[in-house]
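The values are calculated or read from the model by the stated rules, or taken from the named source; none is laboratory data. Every value quoted in this text rests on a predicted model; they were computed, and no experiment measured them. Here the Cβ positions follow ideal geometry from the backbone for every residue, glycine too, while neighbour counts run over all protein chains shown. Heavy atoms of the whole protein, side chains included, go into the accessibility calculation; ligands, DNA and RNA do not. Shrake-Rupley method; radii C 1.70, N 1.55, O 1.52, S 1.80 Å.
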Amino acid sequence: MRLNLPTVVLPSVLLLASACIVEAPGGASAEQRKAATVTQIPALSVRNGANLGGKVELVAATVQPGRLTPGERAQVTLYFKVLEAMDEDYLIFVHVEDAGGRMERMNLDHKPANGLLPTSQWKPGETVKDEFSIYLPADANPKALNIWLGLWDPRTDARLTLTNPDAVRNDGKNRLLVAQVPVAR
């Protein structure tokens, strides 16, 4: 019996030791993490500073082009600095509205970082880049578009709370006004 004990115990110890260094299935690969994070924010970004739930800060955003023409697209890039690890997988909600209130709202809700890096895998200190595009129909005629956004949990339908509402443009409902984009005529 003594001769078999080390044979039984040794594989169990090795199995436990190797399980500690193997990434869990479904985790972001090193390539995905690299594609979804940045080390610097572009100089021509609109700075923001909105703190969402003490967990993440929207540090900046870019909209290219800076003036939208009906029938064309604009590329929006958001930069989120991770302040604290998150247990939940939040979605980014985006509401694009006519600044004058004459057009139906566009909902562009989506998984962050093109689905490469769920918020439950964000690491404190990282800056996560998220990109999406806005298409303005050719027959639309707003003077400007407001881009509102935030993070929300689709399971509970709860938004992360804006903790510094006096410091950023918002609607009092945990929606941030990231940009107002003029529309060319």
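Structural remarks
- Count of the stretch 27-62 residues which are surrounded by 15 or more Cβ atoms within 10 Å (Cβ to Cβ), free of Cβ contacts under 8 Å to residues at least 60 places away in the same chain and either outside any strand (DSSP E or B) or out of contact with any strand residue (DSSP E or B) (no Cβ under 9 Å at 6 or more places or on another chain) (or both): 1
- Any hit, the stretch 172-183, residues being open to solvent by 50 Å² or more (accessible area, probe 1.4 Å), under 12 Å from the mean Cα position of the chain (by Cα) and either of a type outside the set (S, T, N, Q) or within 27 Å of residue 67 (Cα to Cα) (or both): no
- The stretch 109-121 - residue that is open to solvent by 50 Å² or more (accessible area, probe 1.4 Å) and over 18 Å from residue 30 (Cβ atoms) and, of those, farthest from the chain's Cα centre (by Cα): 109
- Top-ranked residue of the stretch 89-106 - restricted to ones that are over 15 Å from residue 179 (Cβ atoms) and either aromatic (Phe, Trp, Tyr) or modelled with pLDDT under 95 (or both), ranked as least open to solvent (accessible area, probe 1.4 Å): 93
- Flag for residue 75 being open to solvent by 50 Å² or more (accessible area, probe 1.4 Å) and polar (S, T, N, Q): yes
Listed here are the residues, each with its yes/no results for (1) of a type in the set (A, V, I, L, M, F, W, C); (2) closer than 13 Å to residue 52 by Cα; (3) in contact with a strand residue (DSSP E or B) (Cβ under 8 Å, 6 or more places away or on another chain).
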residue: 95; (1), (2), (3): no, no, yes
residue: 107; (1), (2), (3): no, no, yes
residue: 116; (1), (2), (3): yes, no, no
residue: 160; (1), (2), (3): yes, yes, yes
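- Answer from 124, 65 - the residue that is modelled with pLDDT under 95 and exposed (fewer than 13 other Cβ atoms within 10 Å of the Cβ): 65
- Taken over the stretch 121-160, the criterion of being under 18 Å from residue 78 (Cα atoms) and of a type in the set (S, T, N, Q) is satisfied by 121, 127, 133, 146.
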